[in-house]
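Visitor: First the structure, which I've put down as structure tokens, then a few questions once you've had a look.
The values are calculated or read from the model by the stated rules, or taken from the named source; none is laboratory data. None of these values were measured; they are calculated from a predicted model. No Cβ is skipped: glycine too gets one built from the backbone with ideal geometry, and neighbour counts run over all protein chains shown. Keep in mind that these areas ignore ligands, DNA and RNA; they rest on the heavy atoms of the full protein, side chains included. Shrake-Rupley method; radii C 1.70, N 1.55, O 1.52, S 1.80 Å.
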Amino acid sequence: MFFKTLESFRTGLILFILLAAASAISLALTTHFPAGTTVHDLSVRYGETRALLLVRLGVLNPYSSWWYLPLLMLFTLNLTLCTLRRLPSTLRAMSARPSPPGPDSLSRDKSVILTVQHDSGTAATSTSETLIAERYTVSSKTYGDGVHGIAARKNSWQRLGAPLTHLGLILLIIGGGITAIMGFRTHVDVSEGQEVSVPERDFVVRLERFELAMNEAGEISDYFSTLTVVEGGQPVLTKTIEVNDPLTYDGINFYQSSYGHEGRSFTSASLAVEALEDTAASPRLVRIGLGDTISLGGDDVITATDFSVDFKMDSQGNVFSASSEPRNPAIQIALLRSGTLVARTWLFLMMPEFHGADAFAPLKIHFMGFEPRYRSGIQVTHSPGTSIVFAGFLFASIGVVVALIVKHERIMILVQPKTSSTSEIVWSRSNRADWRRRSRDVPDLLTLIEGRMEGKECQKV
Amino acid sequence: MSESVEQLIVSNFGVVFWLYLGAMLMYIAYIGVRRRVFPVIGLIATTAGFTLHTIAIVGRWAALGRLPLSTMYEYSTLLAWGAVLVLLLLLRFTREPLLGAAALPAAVGLIALASLLPARREMQLVPALQSYWLKIHVSVAILAEAAFAVACGMSIAYLIKASRAGMQDSDDALSLRRLDDITYRLIAVGYPLFTIGALFAGAIWAKKAWGTFWGWDPKEVATLVVWLVYSIYLHARRLKRWQGRPAAVLSITGFALVIFTFLANYIFGGLHSYQ
């Protein structure tokens, strides 16, 4: 009973609906609770008890929740069982010869009837021959009183479309499952010269160079990472990857996925130095690199001692970069006079008047801008299910076209005498009425049959 | 491209809109007054609109040096174009002018939608879009959704006709059964295209660009929901209870979700949020 329910078509339909609903709900949930929402965020918003309940309901990652994954698995199981159950009868129906209709078995209302000026034997032979010439599989039977039953079929392999599609989808899910269970996917931010070790493998990958390409308008149009695979201390392979063009080595893929600013480094920064007493003089612009020392004339020199692209300070007073976006760039400048430190302070690009700007009095130093140093965001993946997934795509693609585009034609014909010299061809298609024309129109094949009989007539003369 | 050519293409879209709207009104008039002149003018207007529409798209293509299928504006314009293409093919095969009244509102609506979206063209494609998979993924998906759009029009016509006739099927040229049949044919053509173009080609491209076939990106899931709805449509047809009205409702739901998925770029963000 349980098994019957599990493999039934109706269960499949219900699971289809449930899966659509579950996907839509998950979609709404991921919009409402975007990635990165934590249990803490929830308890702030809803209180602890409700937050716990929500977490148990899987609102934070619905696609791996206790209700989504089992539903997907149940659906896969139903799909597999349903397909397997139908397959034998599908194959039988495909290989068996079509069985001809018996006398009076065709409804005259739903058939096209053609009267021809020939005896039923000639009409039946011509009909069979025409159908065979049109690549139909034909079987016929002669009854008493000159009645002939003819069954014809074409493209019966169309029936394989649905099971092939289902097989493809099952493979897709299995392949995806294998990758989810046995593979991995990690994101690393790599600086130039840095090496990335790969889980489960003996080689490392070094980022040689990261480059941005700009278009004419100065917008970033593309970005590239030159990667070298180093195995046993020896470089074995170098490739420049970009989005849509990954490096694959020993089953591991390296995708260019993003780029960001180096959190604690830059190429060059520009500072404006002005003398507070001398308001008339225009500020002096200097370019400085991290660790560079620049003389301001006299005994004064400045050094760029530190940098953070997204300045944050932890509770111990340690500076860090909260992200790889230039949200709050800050540079630490030290002023030395005759070799002794006079002042050292952070200057903020977006808050020019923030503390420290006056620390260098009688000088005033402004952080004007910086040329960033970038690092490459690389996705490292191992997806052992990939070839199964590709097989799934192939089967399902062929299957869905065969199932829905190829037309499986089944024709039932009775040829019966009308008068002594005329007979009628009662023609019925068992699939739905031809959608293109009015159903009362004479099908093309009947025209061909008439033509063939006319041809015979000529031969006789 | 010079400003004047640009201007021409944009004003061209205005003319296209009025031609489609006029054609639609002609076909609707034909429902009330069965005079041959209405569908004849309708067909002429549709064909003229389609020709201008094609010129505008090709012009934009030439001006941009890439297929115009990367922004929301370009997408809805092409979807409208696809819907009219499907309609013209359908008119040719069925010789049933009443279908124009059912299908053209979709095209008119899509052009109107496009006019609400920014038509800017100086736009740097993000690197993920710089791939030949863009052409395969988007163009096949557009054809599929165009078929769904016309199917949706047929289903709305079905529901209107069914509520008027009290489900008593008429014996005229465009019976409920035939409408249902044409809807099915359209979905049967759209579905494989959607499966292969929107889902599979998208997944293969995602694998190349982002390292995974499926990342539960909002647009991916929304597309999956659309696919599931049409899967339900195709399977449910085998059950008597689901034929006719429920099938029409499913077909309309499917296309409503297509439009929702399209506009969802503004809601969801995610990797597909190209505006």
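Visitor: List every residue pair whose Cβ atoms lie under 6 Å apart, where the two residues are 6 or more positions apart in sequence or sit on different chains, the first residue falls within region B:181-196 and is at the interface with chain A (Cβ under 9 Å from one of its Cβ atoms), and the second residue, located anywhere, is among the hydroxyl-bearing types (Ser, Thr, Tyr) and open to solvent by 10 Å² or more (accessible area, probe 1.4 Å).
Guide: B:Ile196/A:Ser397
Visitor: From the set of residues in region A:343-353 that are of a type outside the set (Lys, Arg) and crowded, with 16+ Cβ neighbours inside 10 Å, which is farthest from A:Ser191 (Cα to Cα)?
Guide: Only one residue tops the list, namely A:Ala343.
Visitor: Separate question: Identify all residues within region A:242-260 that are more than 21 Å from A:Pro372 (Cα to Cα) and touching a Leu at 6+ places or on another chain (Cβ under 8 Å); write none if there are none.
Guide: A:Leu247, A:Tyr249, A:Asn253, A:Phe254
Residue-wise test of (1) under 30 Å from A:Phe224 (Cβ atoms); (2) open to solvent by 20 Å² or more (accessible area, probe 1.4 Å); (3) away from chain B (no Cβ under 14 Å); (4) touching a residue at least 12 places away in the same chain (Cβ under 8 Å).
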| position | (1), (2), (3), (4) |
| --- | --- |
| A:Thr386 | yes, yes, no, yes |
| A:Ala396 | no, no, no, yes |
| A:Gly399 | no, no, no, yes |
| A:Leu414 | no, no, yes, yes |
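Visitor: List the number of the failed condition for A:Ile220; all other conditions in (1) in contact (Cβ under 8 Å) with a residue 12 or more places away in the chain; (2) over 21 Å from A:Gly251 (Cα atoms) hold.
Guide: Only one criterion is unmet by A:Ile220, namely (1).
Visitor: Let me ask something else about it. Got at least one residue in region B:202-210 being more than 10 Å from chain A (Cβ to nearest Cβ) and modelled with pLDDT under 95? It would help to see each step written out before you state the result.
Guide: Restricting attention to region B:202-210, the residues satisfying the condition of being more than 10 Å from chain A (Cβ to nearest Cβ) are B:202, B:206.
Narrowing further to those that are modelled with pLDDT under 95: B:202, B:206.
Yes, because at least one residue in region B:202-210 is more than 10 Å from chain A (Cβ to nearest Cβ) and modelled with pLDDT under 95.
Visitor: Quick one: which residue in A:Ala391, A:Ala357 is modelled with pLDDT of 90 or more and either open to solvent by less than 70 Å² (accessible area, probe 1.4 Å) or in contact with a Lys or Arg (Cβ under 8 Å, 6 or more places away or on another chain) (or both)?
Guide: Result of the check over A:Ala391, A:Ala357: A:Ala391.
Visitor: Among the residues that make up region A:130-145, is at least one of them open to solvent by less than 40 Å² (accessible area, probe 1.4 Å) and out of contact with any strand residue (DSSP E or B) (no Cβ under 8 Å at 6 or more places or on another chain)?
Guide: Pass one, region A:130-145, residues open to solvent by less than 40 Å² (accessible area, probe 1.4 Å): A:130-131, A:136, A:138-139.
So of that shortlist, the ones also out of contact with any strand residue (DSSP E or B) (no Cβ under 8 Å at 6 or more places or on another chain) come out as A:130.
Yes, that holds for at least one residue.
Visitor: List the number of the failed condition for A:Ala162; all other conditions in (1) within 15 Å of A:Pro100 (Cβ to Cβ); (2) modelled with pLDDT of 90 or more hold.
Guide: Every listed condition holds for A:Ala162 apart from (1).
Visitor: Give region A:360-375 a look and list any residue that's modelled with pLDDT under 90 and not hydrophobic (A, V, I, L, M, F, W, C), or say none.
Guide: A:Pro362, A:Lys364, A:His366, A:Glu371, A:Pro372, A:Arg373, A:Tyr374, A:Arg375
Visitor: Go through the residues of region B:84-98 one by one and say whether even a single one is touching a residue at least 12 places away in the same chain (Cβ under 8 Å), closer than 30 Å to B:Ile31 by Cβ, touching a helix residue (DSSP H, G or I) at 6+ places or on another chain (Cβ under 7 Å) and not in a helix (DSSP H, G or I).
Guide: Within region B:84-98 (the criterion being touching a residue at least 12 places away in the same chain (Cβ under 8 Å), closer than 30 Å to B:Ile31 by Cβ, touching a helix residue (DSSP H, G or I) at 6+ places or on another chain (Cβ under 7 Å) and not in a helix (DSSP H, G or I)), the answer is yes, since at least one residue qualifies.
Visitor: I've got another one for you. Filter region B:61-93 down to the residues that are of a type in the set (Phe, Trp, Tyr) and surrounded by fewer than 19 Cβ atoms within 10 Å (Cβ to Cβ), then identify the one that is farthest from B:Gly190 (Cα to Cα).
Guide: Residues of region B:61-93 of a type in the set (Phe, Trp, Tyr): B:61, B:73, B:75, B:81, B:93.
When the remaining residues are screened for being surrounded by fewer than 19 Cβ atoms within 10 Å (Cβ to Cβ), the result is B:61, B:93.
Working: B:Trp61: 25, B:Phe93: 17 Å.
My answer is B:Trp61.
Visitor: Which of the residues belonging to region B:234-249 are assigned to a helix (DSSP H, G or I) and either basic (Lys, Arg) or facing chain A (nearest Cβ under 10 Å) (or both)? Write out each step before concluding.
Guide: Initial filter on region B:234-249 (assigned to a helix (DSSP H, G or I)): B:234-236, B:240-242, B:245-249.
Selection gives B:Leu234, B:His235, B:Ala236, B:Lys240, B:Arg241, B:Trp242, B:Arg245.
Visitor: Which count do you get for residues in region A:39-73 that are free of Cβ contacts under 8 Å to residues at least 12 places away in the same chain and β-branched (Val, Ile, Thr)?
Guide: Here the count works out to 2.
Visitor: Going through region B:229-259 one residue at a time, which ones are surrounded by fewer than 17 Cβ atoms within 10 Å (Cβ to Cβ) and under 13 Å from the mean Cα position of the chain (by Cα)? Even if it seems obvious, please write down each step before you answer.
Guide: Initial filter on region B:229-259 (surrounded by fewer than 17 Cβ atoms within 10 Å (Cβ to Cβ)): B:235, B:238-241, B:243, B:245-246, B:249, B:256.
Scanning region B:229-259 gives a single hit, B:Ala256.
Visitor: In region A:8-40, how many are at the interface with another protein chain (Cβ under 9 Å from one of its Cβ atoms), more than 21 Å from A:Leu79 (Cβ to Cβ) and either open to solvent by less than 60 Å² (accessible area, probe 1.4 Å) or in contact with a strand residue (DSSP E or B) (Cβ under 9 Å, 6 or more places away or on another chain) (or both)?
Guide: 3
Visitor: Identify, by number, the condition in (1) more than 10 Å from chain B (Cβ to nearest Cβ); (2) closer than 26 Å to A:Ile181 by Cβ that A:Thr5 doesn't meet.
Guide: With (1) more than 10 Å from chain B (Cβ to nearest Cβ); (2) closer than 26 Å to A:Ile181 by Cβ applied to A:Thr5, the lone miss is (2).
Visitor: Out of everything in region A:202-218 that is among the charged types (D, E, K, R) and in contact with a strand residue (DSSP E or B) (Cβ under 8 Å, 6 or more places away or on another chain), what residue ends up being nearest to the other protein chains (Cβ to nearest Cβ)?
Guide: Kept after step one, since they are among the charged types (D, E, K, R), are these residues of region A:202-218: A:202, A:206, A:208-209, A:211, A:216.
The next check asks that each one be in contact with a strand residue (DSSP E or B) (Cβ under 8 Å, 6 or more places away or on another chain); those that pass are A:202, A:206, A:208-209, A:211.
Values: A:Asp202: 22, A:Arg206: 19, A:Glu208: 19, A:Arg209: 17, A:Glu211: 12 Å.
Among those that are among the charged types (D, E, K, R) and in contact with a strand residue (DSSP E or B) (Cβ under 8 Å, 6 or more places away or on another chain), it is A:Glu211.
Visitor: Scan region B:214-228 for residues that are facing chain A (nearest Cβ under 7 Å), buried (at least 22 other Cβ atoms within 10 Å of the Cβ) and touching a Gly at 6+ places or on another chain (Cβ under 8 Å) and jot them down.
Guide: B:Pro218
Visitor: Scan region A:219-240 for residues that are within 11 Å of chain B (Cβ to nearest Cβ) and either open to solvent by less than 50 Å² (accessible area, probe 1.4 Å) or of a type in the set (A, V, I, L, M) (or both) and report the count.
Guide: Restricting attention to region A:219-240, the residues satisfying the condition of being within 11 Å of chain B (Cβ to nearest Cβ) are A:219-224.
Imposing the further condition that a residue be either open to solvent by less than 50 Å² (accessible area, probe 1.4 Å) or of a type in the set (A, V, I, L, M) (or both) reduces the set to A:220-223.
Matching residues across region A:219-240 total 4.
Visitor: Go through region A:318-335 residue by residue and tally those that are open to solvent by 40 Å² or more (accessible area, probe 1.4 Å) and more than 17 Å from A:Pro352 (Cα to Cα). It would help to see each step written out before you state the result.
Guide: First, pick out the residues of region A:318-335 that are open to solvent by 40 Å² or more (accessible area, probe 1.4 Å): A:318, A:320, A:322, A:325-327.
Applying the additional criterion that residues be more than 17 Å from A:Pro352 (Cα to Cα) yields A:318, A:320, A:322, A:325.
Total meeting the criteria: 4.
Visitor: Does region A:284-295 include one or more residues that are touching a residue at least 60 places away in the same chain (Cβ under 8 Å) and over 26 Å from A:Val196 (Cβ atoms)? Write out each step before concluding.
Guide: The first filter runs over region A:284-295 and keeps only residues touching a residue at least 60 places away in the same chain (Cβ under 8 Å), leaving A:285.
Of the ones still in play, those that are also over 26 Å from A:Val196 (Cβ atoms) are A:285.
Yes.
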